[in-house]
Structure formats: structure tokens, C-alpha cells
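Encoded as C-alpha cells, the structure appears first; notes follow it.
The values are calculated or read from the model by the stated rules, or taken from the named source; none is laboratory data. Everything numeric in this text was worked out from a predicted model, so none of it was measured. Reconstructed Cβ throughout: ideal geometry from the backbone, glycine too, with neighbour counts over all protein chains shown.
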Amino acid sequence: MVRLIMLSPPGGGKGTHGRWLTQQTGAAHISSGDLLRAEIGRGSELGRQVAAYTARGDLVPDELILSILMPVVVAAARETGGYVLDGFPRTLPQAKRAAELGLELGLTSDAAIYLTAPEDELVARLLDRAQRDGRADDTLGVIRHRLAVFSRETAPLVAYYRDRGILLELSTDRPEEDVRADLRDWLEARGLVVPADRLSGHRSFMPTSTGVAMKIEE
Ligand code: ADP
């Protein structure tokens with residue numbers, strides 16, 4: 001079963017492609033932003049603390065995100081055998097803590113997928129999403145701040161995962177189908193999913209010795 005980290009600046013496509021990878025592999029999709037928004041929606045004291053950071057576009061403190069997220073990741077990984085992490089880790093301390101826990105629990109990540117696009121394209125996508133979803137932090141000023149926070153806090157993770165030999169960097173400034181094809185090829189080449197032509201006819205994913213085959217829809 002695959003265990004993947006999605007890494008991208010806001011608007012880079014980690015949610016879109018993370019959800020697709022989840023459908024393809026059966027691994028649990030875990031979005032840190034969705035979990036935080038759910039906590040805010042519950043109106044809890046914790047949610048109020050979280051909202052103070054997210055509304056400004058600042059990251060919530062590492063200890064807070066780790067306490068909210070780690071139990072969910074561990075439970076989901078145990079249940080499905082895998083995960084697609086969307087929005088976590090986002091700082092070097094988070095990445096190091098996640099790696100330590102992964103080692104302890106036998107849940108280390110197979111790959112970190114870094115999705116990029118030019119900044120004006122990222123801003124355009126987020127403003128477009130604002131019209132549809134009305135997310136409180138999708139305003140121009142907060143978007144610009146989130147992009148700056150990404151460069152400062154999260155971008156160093158690219159080198160961290162590259163050094164560990166698990167980084168895949170892809171541009172999402174092109175048709176979604178092309179990005180998916182590259183993702184599929186790379187995961188197949190690493191034995192994390194089974195090549196599509198070996199599975200034609202099967203509609204659901206299949207366990208393999210090294211991973212889980214992608215569900216074939218084409
Ligand atoms: P985006 O990538 O578009 O900024 P997310 O939904 O992933 O959207 O995150 C929304 C907000 O939630 C972030 O701006 C940040 O405040 C908070 N957040 C999400 N994930 C983390 C994390 N791993 N660490 C700290 N804060 C986080």
C-alpha cells in the first residue's frame with residue numbers, strides 16, 4: 001500500500017491530485033486543512049485557537065497540528081495500510097517528527113510529491129476557488145501571505161525529501177491528465193503501483209507485493 005506526502009504551495013494542486021491518488025490506490029486521504037476547518041466548524045476552544053492562525057494565513061504551531069493530526073494518520077494508516085498526506089508536514093520539525101513516528105510504527109513514507117506552478121497561476125486558481133468555496137483565507141492579501149509562508153517554512157522540505165531520495169517534482173501548469181500520467185509512470189517505475197496493462201479488466205485496486213495497483217478507469 002502506498003504512503004505519500006503531497007507538497008505544494010497553496011493552489012499547487014496537492015488537494016486535487018491527492019484526492020485522485022486516493023481514489024486510485026485506496027489509501028486514506030488526510031487533509032490537514034480539512035481537519036483544521038472541521039475543528040473550527042465545531043466551535044470548540046481548540047477550533048478558536050486554530051482559526052486565529054488560519055484566518056491570517058499563518059501556520060498553526062507544530063505541537064498543535066501534531067496533536068490533531070498524528071492520531072488520525074496512525075488510525076487511517078492502520079485501517080487502510082496507506083495514506084496520502086495533503087498539507088502535512090509543512091515545516092522541518094513536522095517532517096522530522098513524522099519521519100520518527102513513521103519509523104517507530106513501520107509507516108514510513110514512500111514518496112513526497114512536490115507540485116509546482118508559477119505564482120500568478122497559483123493566485124488565479126485560489127481566487128477562482130474563493131468564488132466557488134468561499135474559504136475565509138482565500139482573499140488576495142491572505143493568499144499572498146500564505147505563499148510567503150510556504151517559501152519560508154515549507155519550501156525547505158523539498159531539499160529534505162530530495163536528500164532522502166523520495167522526491168518527485170512535477171509542474172501542474174499543464175492539463176491534469178498529463179500530471180496524472182507522470183504520477184502513474186513514476187509510481188509504477190518504483191513498484192508502488194502495478195502497470196495498467198497488467199490489470200486491464202479489473203475495476204478495483206489489487207494488492208501487490210510492494211504496493212497496491214491503481215484502479216483502472218480508462
Ligand atoms: P492551502 O495549501 O491552500 O494553504 P490548506 O487547506 O492545506 O490550504 O491549509 C489551510 C491552512 O491551515 C494553512 O494556511 C495553515 O494555517 C493551516 N495548516 C494546514 N496544514 C498545516 C500544517 N501542517 N501545519 C500548520 N498549519 C497548517
For this session: Among the residues of segment 115-138, write down those that are more than 12 Å from the ligand (Cβ to nearest atom) and either of a type in the set (S, T, N, Q) or not in a helix (DSSP H, G or I) (or both).
Result: Thr116, Ala117, Pro118, Gln131, Gly134
Exercise. Any chance segment 30-53 includes a residue that's in a loop (DSSP other than H, G, I, E, B), hydrophobic (A, V, I, L, M, F, W, C) and in contact (Cβ under 8 Å) with a residue 12 or more places away in the chain?
Worked result: no
Exercise. Is it the case that some residue within segment 36-53 is surrounded by 21 or more Cβ atoms within 10 Å (Cβ to Cβ) and more than 15 Å from the ligand (Cβ to nearest atom)?
Worked result: no
Exercise. Does segment 79-90 contain any residue that is at pLDDT 95 or above, within 9 Å of the ligand (Cβ to nearest atom) and of a type in the set (Val, Ile, Thr)?
Worked result: no
Exercise. Does Ala159 satisfy being loosely packed, with under 13 Cβ neighbours inside 10 Å and among the hydrophobic types (A, V, I, L, M, F, W, C)?
Worked result: yes
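Provide a single number: the residues in segment 3-43 that are of a type in the set (A, V, I, L, M) and touching a Phe, Trp or Tyr at 6+ places or on another chain (Cβ under 8 Å). Break it down into steps so the answer makes sense when it comes.
Kept after step one, since they are of a type in the set (A, V, I, L, M), are these residues of segment 3-43: 4-7, 21, 27-28, 30, 35-36, 38, 40.
Add one more test, that the residue is touching a Phe, Trp or Tyr at 6+ places or on another chain (Cβ under 8 Å), and what stays is 4-5, 7, 27-28, 30.
Here the count works out to 6.
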Seminar exercise, completed: Taking segment 167-183 and the residues there that are crowded, with 17+ Cβ neighbours inside 10 Å and under 11 Å from Tyr114 (Cβ atoms), the one that is nearest to the ligand (Cβ to nearest atom) would be Thr172
Problem set entry | Residue among Leu64, Leu69 that alone is touching a Phe, Trp or Tyr at 6+ places or on another chain (Cβ under 8 Å), part of a helix (DSSP H, G or I), farther than 18 Å from Asp137 by Cα and within 13 Å of the ligand (Cβ to nearest atom) | Leu69
Seminar exercise, completed: Within segment 73-114, residues part of a loop (DSSP other than H, G, I, E, B) and farther than 30 Å from Gly141 by Cα come out as Gly81, Gly82, Gly106, Leu107, Thr108, Ser109, Asp110
Exercise. Just one of the numbered conditions (1) outside any helix (DSSP H, G or I); (2) surrounded by 15 or more Cβ atoms within 10 Å (Cβ to Cβ); (3) more than 8 Å from the ligand (Cβ to nearest atom) is not true of Leu59; which one?
Worked result: (3)
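One line per residue, one yes/no per condition, for (1) modelled with pLDDT under 90; (2) among the charged types (D, E, K, R):
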site	(1), (2)
Gln131	no, no
Ala136	yes, no
Ala148	no, no
Tyr161	no, no
Arg174	no, yes
Arg180	no, yes
Asp185	no, yes
Ser200	yes, no
